[in-house]
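Working notes, structure below.
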Amino acid sequence: MKKLTFLALSLFSVCAFSQAVSGERIRTVISTLASDEMKGREIGTPENDNAAKYIATLFKENNLEYCTGNSYLVPFEYNGKTAYNVCGIKKGKTDQYLGFSGHFDHIGTSKNTEDPIYNGADDDASGITTLVGIADYFKNKKPEFSMVFMAFNGEEKGMLGSGAIAKDPKLDPIYNNLAALFNFEMVATESAFGKNALFMTGDEFSDLDELFNRNAANALKIHPDPYTAQQLFYRSDNVSFVKKKIIAHSFSTVDMTKATHYHHEDDDMHIVNIANMTSIINNFGKTLEKLTPTNFSPKYNDKVKF
């Protein structure tokens, strides 16, 4: 009996330590951002500000440095008010950067008397949770690449936040050394390719996916965009950095043929696959540990339109 108990504890320990970021942590972050209290996180609302401050708190927990000034909150103007992006830095062994982003705003509330809140769990609390998870993974590690984490605001109103921060000259020292930006957009569900898999928008424009997949851990895989007719590459925040000729793609798991929750009140926690998100985040972290400026230097081809 003692031997069985010891074996069980040993197996539990191996499993616990193999998952650097826990499912409980993932659930806490995404459920907080997608809670009814956040009232859909629409830009220009107090709840949107609260979401920005919550993300800043998560960045502080991970000991990230400020991108600029003395705050993680990077202001820009929206309809005569101050809105915020959130930005933090993890210094690595080199001054070459990888970027991780998503948008935290959503579309607010509806007139539906039964369920009036667009919680936006998938769109895009899941993307923010993923970049926070990567920051969690590297909290006590020193990767080869330095890392910049950016939570964009105002995507739903026309990619306003990413457009503003991409033009901020105070961040040019980062952008001038940014090897690639991974923008996470709707990663809460299992993809059409199965578990532990994402697709990359604009895969025909660069070799990022090929270079990443060569080093991918535990069968994590980035697939080509199966929805090319929808031009998703040019419809998310990554495009603000494409315009700067920075390698920037969006990564998603959403099955566009089945995503009835998109911009709907039922985009809430019931559609979130915590186990799959946790697997992707940890395997992303393990893959990123292998990447160096020598083996990961993606390039655009001549097909992309800047």
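The values are calculated or read from the model by the stated rules, or taken from the named source; none is laboratory data. Note that the structure is a prediction, hence the values are computed from the model and not measured. Ligands, DNA and RNA are excluded from the accessible area calculation, which covers all protein heavy atoms including side chains. Shrake-Rupley method; radii C 1.70, N 1.55, O 1.52, S 1.80 Å.
Identify all aspartates and glutamates with a Cα-Cα distance to Lys286 below 15 Å; exclude those on the same chain that are fewer than 8 residues away in sequence.
Partners found: Asp136, Glu144.
With a 1.4 Å probe and all protein chains left in place, how much of the accessible area of the chain comes from carbon and sulfur atoms, in whole percent?
About 52 percent, which is the carbon plus sulfur part of the accessible surface.
For segment 125-187, what is the largest minus smallest coordinate of the Cα atoms on each principal axis, given in angstrom and ordered from greatest to least?
Extents along the principal axes, in whole Å: 36, 29, 15.
Given Cα positions, please report Rg to Rh for segment 145-232, the hydrodynamic radius being the Kirkwood one.
0.98
Do any of Lys141/Lys195; Lys167/Lys245; Lys91/Lys221; Lys167/Lys243 go past 20 Å between their Cα atoms, and which?
The pairs that break the limit, which is 20 Å between Cα atoms, are Lys141/Lys195; Lys91/Lys221.
Using alpha-carbon positions, what is the distance between the centroids of segment 272-306 and segment 118-157, in Å?
Their Cα centres are 13 Å away from one another.
Kirkwood hydrodynamic radius (Cα pairs, Å) of segment 99-246?
It is 16.6 Å.
Over what distance in Å are the Cα centres of segment 225-249 and segment 177-200 separated?
So the separation of the two Cα centres works out to 13 Å.
Taking only the Cα atoms of segment 194-262, how large is their convex hull per residue, in Å³?
It is 95 Å³ per residue.
Report for the chain the percent antiparallel among DSSP-assigned beta bridges with both residues inside it, nearest 5.
Given both bridge residues lie in the chain, the antiparallel proportion sits at roughly 50 percent.
Report, largest value first, the span of the C-alpha coordinates of segment 172-306 along each principal axis, in whole Å.
Rounded to whole Å, the extents work out to 40, 31, 26 Å.
Is segment 89-164 rounded, prolate or oblate when judged by the Cα gyration tensor, a ≥ b ≥ c being the square roots of its eigenvalues, rounded requiring a/c under 1.5 and prolate requiring a/b larger than b/c?
oblate
Please list, ordered by chain and number, the residues whose modelled amide H lies under 5 Å from the amide H of Tyr78; skip anything fewer than 5 residues away on the same chain.
It is Ala83, by chain and number.
Rg/Rh for the chain: what does it come to with C-alpha atoms and Rh from Kirkwood?
Using Cα coordinates only, the ratio equals 0.96.
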